[in-house]
Amino acid sequence: MNAPDGTLHTDFLVLGSGIAGLRAALGLSRHGAVLVVTKDQPSESNTGYAQGGVAVAIGADDDTRLHLDDTVSAGAGIVSGAAARVLVEEGPERIRELASWGARFDREDGRYHFTREGAHSRNRVLHALGDATGWEMVRALLERAHRTEAIAVRSFACSTDLLVRDGIARGCRFLDEPGSETAVLARATLLATGGAGRVFAETTNPPVATGDGAAMAQRAGAALLDMEFVQFHPTALAVEGAPRFLISEAVRGEGAYLRNAAGERFTDELAARDRVARAIVRENREGRGPVSLDLRHLDAERVRTRFPRIAATCRRYGIDITRDPVPVTPAAHYVMGGVATDLHGRSTLRGLYAAGEAAGTGVHGANRLASNSLLEGLVFGARAAEGIADHAMGSIREELQRRCWQALGLERDGSSLASLERWLDERRQAAPTRPADRAAAEDRNLLDVASAMAASARFREESRGSHYRTDFPSPDERFHGHTLLEAGAPRLVDVETPVPEGARC
Ligand SMILES: Cc1cc2nc3c(=O)[nH]c(=O)nc-3n(C[C@H](O)[C@H](O)[C@H](O)COP(=O)(O)OP(=O)(O)OC[C@H]3O[C@@H](n4cnc5c(N)ncnc54)[C@H](O)[C@@H]3O)c2cc1C
């Protein structure tokens, strides 16, 4: 909805259109209008570049307990157990749901095919279109979002700051053209702005990953968690002048070796990422580099069908991955920290939520297990939507009751009533036009009836009976009559015939 001053109003504001933002938007669409503000084209995100796959314990030889153990041990002692349990236990349902929405995960002999990645005790990494897993997942979510009436997507709109009043996040400002700033007011704001790899000279992240969510949250007064933990991926393509394109861990999962300049293997290729990355740095520092990834002993046809995107990108730089060693270097890849949130996406600032890479739940501890972050986006995106629906809906009623008690209670005055009316107007504009449940329907009614009370009370500039105005403490003959409110406009009518003849049906 567009107010005359250009301010936009929506029920729920989602910043970012990666896996976390889109999954949350779909959940929120059942409760009201959702505006997704995203700073590039909607598919441009870390999610869109995710290759290797999504870890999920649904294979025949797997179990959520094993996935939990691997997640906890990768996290080096500081994984939050409750968050990790939520991730591994709710992951299977979220993946089946996404498949039912059209995501095409790869199969072999009719069954899902799982690959192995570093520090996983089972083959549990589901993939799509070979090495375009994130692209396929976000395609399915975006298509569904575009078909959902309650979701509007505003592309090439970069949010710059959160709007905070009375200690509550109420939306954001964004730029969609140079110099053109728009404000959006919402009942709840979700940060799903992804990572911050662009802090570093070497990164696998696309240009959008500038940590905007954590930065805006911090400026608005929300707490951040674990910002010192940044994961460096061991194998980004190291060709001069080329972007640090990721050579997925799944390549090592399928059997590729890391070799130094002398052709020697120097580390366990499937150890945790930080260990492999440090081993590469050591080879380079001690003069045994450069390091390359060797796939030449693998079946060439399988390599090409399993990793079509990697093969095509390397070919662009003159490298045939089935015949040539692929030069690699570590690069910043994923930020474990982010906006501190509970298991329902709630930050420490009222009205502000976060999910996905922008959030810090403690789920990855000090090091993320490979392929746990796409799953994180799905699971915690869905949870944030539920958290927002529960709390944002509940909290509007509490706030309304508190404000009405103060401004519309036993003692009233013109300026408090005017400011209550402004607040009620904003909330009414953002209220869902078709409430999804009884609570939402009641909230809308409370807003409407409180607004009628406030308008009538401000109109009656006297004190009479139950209506006491501190700025007009005595009865006034000018107001000897009833207040008739029609189309939001109050007027005085006769004591005996409050409803004029012509107005009766
Ligand atoms: C090359 C690469 C490969 C990866 N491979 C895997 C993998 O195989 N498996 C795995 O689990 N994980 C992988 N990851 C990590 C994973 O992709 C991400 O952690 C995850 O997709 C993050 O999802 P998200 O929704 O939180 O954020 P993102 O997908 O990054 O989405 C963030 C969104 O926010 C938008 N945005 C940012 N700032 C603003 C702003 N100020 N205003 C408006 N919009 C904004 C962006 O444009 C984008 O739409 C990989 C990451 C990269 C970079």
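The values are calculated or read from the model by the stated rules, or taken from the named source; none is laboratory data. Because the structure is a prediction, the values reported are computed rather than measured. Note that each Cβ is placed from the backbone with ideal geometry, even for glycine, and that neighbours are counted across all protein chains shown.
Give region 470-498 a look and list any residue that's loosely packed, with under 13 Cβ neighbours inside 10 Å and not in a loop (DSSP other than H, G, I, E, B), or say none.
Matches in region 470-498: Glu477, Arg478, Glu486, Ala489, Arg491.
Which of the following residues is surrounded by fewer than 24 Cβ atoms within 10 Å (Cβ to Cβ) and more than 6 Å from the ligand (Cβ to nearest atom): Gly6, Gly32?
When all the criteria are applied, what remains is Gly6.
Residues being at pLDDT below 80 and surrounded by fewer than 18 Cβ atoms within 10 Å (Cβ to Cβ): count how many of those fall in region 427-450.
6
So which of Ser155, Ser159 ends up being under 30 Å from Asp390 (Cα atoms), among the small types (Gly, Ala, Ser) and in contact with a Cys (Cβ under 8 Å, 6 or more places away or on another chain)?
Ser159
What tally of residues in region 43-56 results from selecting those that are buried (at least 23 other Cβ atoms within 10 Å of the Cβ), more than 6 Å from the ligand (Cβ to nearest atom) and assigned to a loop (DSSP other than H, G, I, E, B)?
1
Taking into account only those residues within region 366-424 that are among the acidic types (Asp, Glu) and assigned to a helix (DSSP H, G or I), which is surrounded by the most Cβ atoms within 10 Å (Cβ to Cβ)?
The selected residue is Glu376.
List, please: which pairs have Cβ atoms under 9 Å, are six or more places apart or on different chains, and start with a residue in region 361-383 that is more than 11 Å from the ligand (Cβ to nearest atom) and end with one that is of a type in the set (Phe, Trp, Tyr)?
Final answer for the pair search is Thr361/Phe380; Val363/Phe380; Gly365/Phe229; Ala366/Phe229; Asn367/Phe229.
Looking at Thr267 and the list (1) within 16 Å of the ligand (Cβ to nearest atom); (2) assigned to a loop (DSSP other than H, G, I, E, B); (3) out of contact with any Ser or Thr (no Cβ under 8 Å at 6 or more places or on another chain); (4) not aliphatic (A, V, I, L, M), which single condition is not satisfied?
That leaves (1) as the condition not met.
Enumerate the pairs (first residue in region 18-44 and more than 9 Å from Ala150 (Cα to Cα) and charged (D, E, K, R); second residue anywhere and within 14 Å of the ligand (Cβ to nearest atom) and not in a loop (DSSP other than H, G, I, E, B)) with beta-carbon separation below 7 Å, excluding pairs fewer than 6 apart on the same chain, so at least 6 apart or on different chains.
Listed by first residue and then by second, the contacts come to Arg23/Leu141; Arg23/Gly377; Arg23/Leu378; Arg23/Gly381; Arg23/Ala382; Lys39/Cys158.
Would you point out which residue out of Gly130, Gly171, Gly197, Gly134 is within 13 Å of the ligand (Cβ to nearest atom), under 18 Å from Thr47 (Cα atoms) and in contact with a His (Cβ under 9 Å, 6 or more places away or on another chain)?
Exactly one residue qualifies, and that residue is Gly197.
With (1) part of a loop (DSSP other than H, G, I, E, B); (2) crowded, with 19+ Cβ neighbours inside 10 Å as the list, and Thr329 as the residue in question, which single condition is left unmet?
(1)
Quick one: is Ala84 closer than 25 Å to Arg273 by Cα, within 15 Å of the ligand (Cβ to nearest atom) and modelled with pLDDT of 95 or more?
Yes; evaluated as a whole, the condition is true for this residue.
Filter region 280-296 down to the residues that are more than 17 Å from Ile310 (Cα to Cα) and either touching a helix residue (DSSP H, G or I) at 6+ places or on another chain (Cβ under 7 Å) or assigned to a loop (DSSP other than H, G, I, E, B) (or both) and list them by number.
Within region 280-296, Glu286, Gly287, Arg288, Gly289, Pro290, Val291 meet the criteria.
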